[in-house]
Amino acid sequence: MNYKQSNIHYYNVLLNYTVMIKNLLESKLLTLILLSFFAFTTAIYAQNEIPTPESHFGFKPGTDRMLFDYEDLISYLDKLDKNSSKIKMMKIGESPMGKPMYIALISSEDNLKNLDRLKEIKKELAINYNLTEDQRDNYVKEGKAFFLFTLSMHSNEVGPSQALPLIAYEFISTKDEEILSWLDKVVYMVVPNHNPDGMDMIVNHYKKYKGTKYEGSSMPGLYHKYVGHDNNRDFVALTQSDTRAISNLFSKEWFPQIMVEKHQMGSGGPRYFISPPHDPIAENVDAGIWNWMKIFGSRTITKMTEEGLKGISQNYLFDDYWPGPTETCIWKNAIGMLTEGASVKHATPIFIEPNELGAYGKGLGEYKKSINMPEPWEGGWWRLSDLIKYEITSTMAYMETAALYKDEILAFRNNMCKKEMEKGATKAPFYYVFPLNQHDVSELVNLINLMSEHGISVYKLDKDIQYENQHFNKGDLIIPLAQPFRAFIKETLESQAFPERHYTPGGELINPYDITSWSLPLHKGVNVFEINENQAYFKNSYSKLETPFSLFKASDSEYKSILLSSTNNNSYKAVFTALQKGLKVEQLLNSYSLNDKEFAAGSFIIHHGKEIDVVLNQLSIKPEYLSNEIYASKKELKLPRVALIESYFHAMDAGWTRYVLDSYNIPFTLLRPEDVKKTDLSKNYDVLIIPDEDKSVLMEGTYKSESRQYFMKYPPEYMKGMEKEGFEKIIKFIDKGGNVVAWREATELFTGIQNYSLDEKTKEQFEFPVRDVSEGIVKQGFSCPGSLLQIQIKKDHPVTYGMPKEIGVFHRDGPIFTTWQPYFDVDRRVIATFPEKDILISGYVENEEKIGNKTSIVWLKKGEGQLVLFSFNPQFRASTPVSYKLLFNSLLL
């Protein structure tokens, strides 16, 4: 094509485009194209726009009478994640009911881009005790502070999670140079809700009754699959999946240097609590942790007061001497703190008269200006939006403090690591040694795996060792205390002595806030040796144990059945599994010797069958594989049909019982007290379990004491008891051959004169020969706030199969039983008593001699049925496996 032809070509192209544009202008097509282009560019812009909380939820969080649920919360955070480079959402586990759990990390864009490197630095500072000073200083300079916030674990404490969208939006969208500087130095780590299942339960309950007279009422049942409020008591035993997900953050995965757990408290006192706590405090935790709490607390209360927020308290009510809540991280060198905000009726405002405000518990003698509450709140309207202001302001103050002291905090973390290592190497105890030969070897396996889950290194002996009068075998397990988490090892493996502190010299004791015993070996019934001197015997004598740890071994030959010792809790799990699968199970009625091994009375034979592999998969111990039949006294077991009675009154002990039953594959039916009246118990069940609940709740659907009746804030349909009609059904159930297991407060149902109808014209009166005498003993000075007490057990009774002669049980003040001679078709046996002296094993007790030789477990018979009463919780918070077999055996009577 020559130059002239080229010009003609381009002229023709231009002419064609001119004609096309003319046609477009004369049609609607151009308009459509322009609109499409505008919509496309708007969508691109919208993808990068940070959505406000109001635009997502349809209301501003904190608005009166408005709540969003867990799914809505996560949906909003996901939107932020998709539209901003300053937030990263990561799944950390699942709730007990299968909801996904997340952590959101919010920081500068550069920090999140560099997250893997920052995470590695944090881990090095947390657990590498070999860092040189130069290495540490370089890590401190390069690293960032990671601050973990966990929100609203108690689901009726809605404020922290409802505040999160406002906090997250502010951090992500802010142009404030000061806040941006914090986010350059600190990574805000937040678990949006510690208890997703409960959050939805509470929100759904609130919405159901909103606009009715019952708006803001208490939710019936537990706001958790199993444990309700007690989820803040699970950070040693780690039984619940949500607990494990969060523990893993500070034990093994992320190692944040700072943590705060955000709660709510009652509405009739201070508006807010921030650390430091009140005495007593944990003696195994380093002074530096407590001092950092003061720094954070002092700056936070100062900032909150500057913002005009009143009623903020410190050193009040809440102590910190026991592990179990999320702040258990302080035993692992994190600066762990607590906040508590004054509650409203979920999202419904409340009005508080000035004379209704008071001080409750330690740290404030009256509701007045004091060093622990410098500026009291005067009363008036209190709204969810007010609480959210406190949450936002405290969060900002915490973040500012972390940024200000970033370098010192990072250096402190590595210094703590080295300090704890040095203590472990130079200060007794030096080791804890666990022989493989245990009464319940399955609980040894569980304990070792639990310690590993806590981030503790476990080892095994490579050779036999003779230590003083004790011989340890090659393969026995050993935990050195020269580890970064030394404080946690010592705290959970030693016997507890409550740190007694008084308000004045020689004055009133500062009472425990909760329990006083949590020793894992004692609570599990595992024998352990504390090595306090001559540690050189063990030096270079052990190697790292691979976890998860198991002693199960499969058979390498054919077998007809397996033999499992009744001394192992794990055996019962296999037995209940086998019974569910239809396998034949027999129980030995006497002890039995085989291959130089002694199998205790009550041991089990599970016969081979189609589902035997399912049973074997439950085992962490080695069974005895049998090729021949055992000829001994035995009985065939049947799967008991179990019902468990649980009220709607946040019955945590019943929830823990359900968890233990589910964990051991024991099927059961849940009955509410009112259901008993309309249920044919004898036709449908073999065993009734009645966990620890007040008699008035079970009988009448309300709390009562001798002096008053308590107002319960539940809708009326949930306040129903079994009444006289239902309890008479339980008595007839026993008389006809049913069995009942009950403990603590529920045992009062069966004391005193009992009346029931034999037929339409005839009533029978009788009594179980047992009574609770704890009231008189307490008046004599006995006090037990929650400790491990020794009981002596009647051997080889069907209730005590597999039990040693003595164990520790988790006990409070009462009940304490006495028995006497029975009449008619009633009988009784004392199954366990307290010794005369040396009763306390772990924890705190006053005047223990008052219960010397008193009764703790009673077996009773009426007609064809049986009744077992415990003065203690045999499954207390799923943390006392040492006494589980007493419950399991009672189900198999």
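Points to keep in mind about this one:
- Fraction of antiparallel bridges per DSSP, the chain only, in percent to nearest 5: 70
- Summary value for the stretch 679-813: 20 percent relative contact order, contacts being C-alpha pairs under 8 angstrom separated by 6+ residues.
- Within the full protein context, the accessible area of LYS86 is estimated at about 50 Å² for a probe radius of 1.4 Å.
- Applying 1/(1 + (r/R0)^6) with R0 = 60 Å to the Cβ-Cβ distance of ASN114 and ASP279 gives a FRET efficiency near 0.90.
- Gain upon complete extension [SER555, ILE371; 0.36 nm per residue less C-alpha separation]: 59.4 nm
- Amide H partners (placed H, <5 Å) of HIS263, local residues excluded: THR339, GLU340, GLY341
- Cut-off 19 Å, label 7 Å out along Cα→Cβ of SER707, residues of the stretch 754-782 by amide N: 774-782
- Extension gain for ASN628 to GLU94 (0.36 nm times residue separation, less C-alpha to C-alpha distance): 187.7 nm.
- Near TYR102, the amide H atoms lying under 5 Å from its own belong to ILE92, ASN193; only residues 5 or more places off or on other chains count, and H is placed 1.01 Å from N.
- With Cα atoms defining each centre, the stretch 612-636 and the stretch 518-543 are spaced 32 Å apart in the structure.
- Highest-first arrangement of 744-754, 629-639, where packing means the average Cβ count within 10 Å: 744-754, 629-639
- Phi-derived couplings, Karplus 6.51 cos²θ - 1.76 cosθ + 1.60 at θ = phi - 60°, listed residue by residue for the stretch 362-378: 5, x, 9, x, 8, 7, 8, 3, 7, 5, 8, 8, x, 9, x, 7, 8 Hz, with x used for Gly and Pro.
- When only Cα pairs below 8 angstrom with a gap of at least 6 residues are kept, the stretch 198-311 shows a relative contact order of 14 percent.
- The candidate values are [x] 1.04; [y] 1.22; [z] 0.97; the one derived from this structure for Rg/Rh (Cα atoms, Kirkwood Rh) carries the label [x].
- Per-peptide packing, taken as the mean over residues of other Cβ atoms within 10 Å, places 560-572, 241-253 in the sequence 560-572, 241-253 from highest down.
- Label-point gap, in nm, between TRP381 and ALA497 - each point 7 angstrom along Cα→Cβ: 5.6
- Cα-based shape type of the stretch 455-583, given that a ≥ b ≥ c are square roots of the gyration tensor eigenvalues and the cut on a/c is 1.5: oblate
- Scanning residues 5 or more positions from ILE831 or on other chains, those with amide H under 5 Å from its amide H are ILE857, VAL858, TRP859, with H placed 1.01 Å from N in the peptide plane.
- Sites LEU670 and SER543, calculated FRET efficiency, Cβ-Cβ separation with R0 60 Å, nearest 0.05: 0.80
- J(HN,Hα) series, the stretch 768-775, from Karplus relation 6.51 cos²θ - 1.76 cosθ + 1.60, nearest Hz, glycine and proline x: 6, x, 8, 8, 8, 10, 5, 4
- At least 27 Å along the helix axis (C-alpha) and Kyte average at least 1.0, DSSP helices within the chain: 29-48
- Rotationally averaged projected area of the stretch 703-770 (alpha carbon convex hull; nm²): 6.6
- Label-point separation, LYS677 to LYS208 (7 Å along Cα→Cβ), nm: 2.0
- A Förster radius of 35 Å, combined with the Cβ-Cβ distance separating ASP176 from LYS418, puts the computed FRET efficiency at roughly 0.40.
- With contacts taken as Cα pairs under 8 Å at a separation of at least 6 residues, the stretch 739-853 carries a relative contact order of 30 percent.
- Packing order of peptides 349-356, 653-660, 860-867, highest average first: 653-660, 860-867, 349-356 (average count of other Cβ atoms within 10 Å over each peptide's residues).
- Label point distance in nm, ASP796-ASN684, each placed 7 Å from Cα along Cα→Cβ: 4.0
- Projected over all directions and averaged, the alpha-carbon convex hull of the stretch 775-873 occupies 6.6 nm².
- Of the residues MET421, MET66, ranked by 1.4 Å probe accessible area with the largest first, the sequence reads MET66, MET421.
- For the chain, calculated [θ]222 nm from helices alone, where every DSSP H run of n ≥ 4 adds -39500 (n - 2.57): -10000 deg cm²/dmol
- For the pair the stretch 821-850 and the stretch 234-294, the centres of their Cα atoms are 36 angstrom apart.
- Accessible area of GLU422 in the full protein assembly, 1.4 Å probe (Å², nearest 10): 110
- The stretch 78-141 versus the stretch 726-778: alpha-carbon centroid distance in Å: 58
The values are calculated or read from the model by the stated rules, or taken from the named source; none is laboratory data. In this text, all values refer to a predicted model and were calculated from it rather than measured experimentally. We place every Cβ from the backbone using ideal geometry, glycine too, and count neighbours over all the protein chains shown. Note: accessible area is taken over every heavy atom of the protein model, side chains too, but ligands, DNA and RNA are not part of it. Shrake-Rupley method; radii C 1.70, N 1.55, O 1.52, S 1.80 Å.
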